[in-house]
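Input: a single structure, listed below in structure tokens.
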Amino acid sequence: MLTILDIEFGDKPLTLVQLLSWLTLQIAVNDQEDEPYPAPLESGRTVAITVHKAKGLEFDFVLIPETGRKFEFPRNRKTRVAVIHEVGKKPAVLWKWNPEDVPELTNVVKASKHLWSVDDEESAREETRLLYVAMTRAKNQLLIFIPENHTSAGGVPNSWADLIKLVG
């Protein structure tokens, strides 16, 4: 990673905001570091891949499981970082650290707590784009699993199942 950073930023100064913004973009769109996709596809072969790896590919049959999982930051993660770009404002870097048996530490004051909701909304928009990509990979048949006991909380959709129920 240091080699990649040196190639990308070696000739100019780098701030933490720039680094986090660049890393966020790389995580979202960079598929060059993944394992190569096995090609060509053989007829009748079953392949399980992520939505990111499926971009640009088509399959006769697509199955989408796990649609009830919420679009929320995993509770088992101790650190959360976000870079928020609001129109007309400088980017804001947010962080939370919540190790076991210690009160949460954060750089967000009460007046700017809405910034975490901005990050949550952007995550929901990205999940909506990913669902679209997953659904449009099917050439012949698409099968989507929605948990039987799934109930929407109402208001803003918070899972792929919520998004599907909006149109279904």
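The values are calculated or read from the model by the stated rules, or taken from the named source; none is laboratory data. All of these numbers come straight from a predicted model, not from anything done at the bench. Cβ sites come from the backbone with ideal geometry, for glycine too, and all protein chains shown count toward neighbours.
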| Given (1) at pLDDT 80 or above; (2) closer than 24 Å to Thr67 by Cα, index of the condition Leu19 fails | (2)
| query | Taking the range 108-149 as the region of interest, how many residues are free of Cβ contacts under 8 Å to residues at least 12 places away in the same chain and not charged (D, E, K, R)? | reply | 7
| Among the residues of the range 136-157 satisfying the criterion of being surrounded by 13 or more Cβ atoms within 10 Å (Cβ to Cβ) and at pLDDT below 85, which is farthest from Val47 (Cα to Cα)? | Ser152
| task | Please enumerate the residues belonging to the range 126-137 that are touching a strand residue (DSSP E or B) at 6+ places or on another chain (Cβ under 7 Å) and part of a helix (DSSP H, G or I). | result | Ala134, Met135
| strands (runs of 3 or more DSSP E) contained in the range 57-125 and holding at least 3 residues more than 24 Å from Asn158 (Cα to Cα) | 59-64
| Within the range 25-51, restricting attention to residues that are modelled with pLDDT under 80 and not in a loop (DSSP other than H, G, I, E, B), which residue is surrounded by the most Cβ atoms within 10 Å (Cβ to Cβ)? | Gln26
| Considering only the range 96-135, how many residues are of a type outside the set (Asp, Glu), surrounded by 13 or more Cβ atoms within 10 Å (Cβ to Cβ) and closer than 30 Å to Ile164 by Cβ? | 11
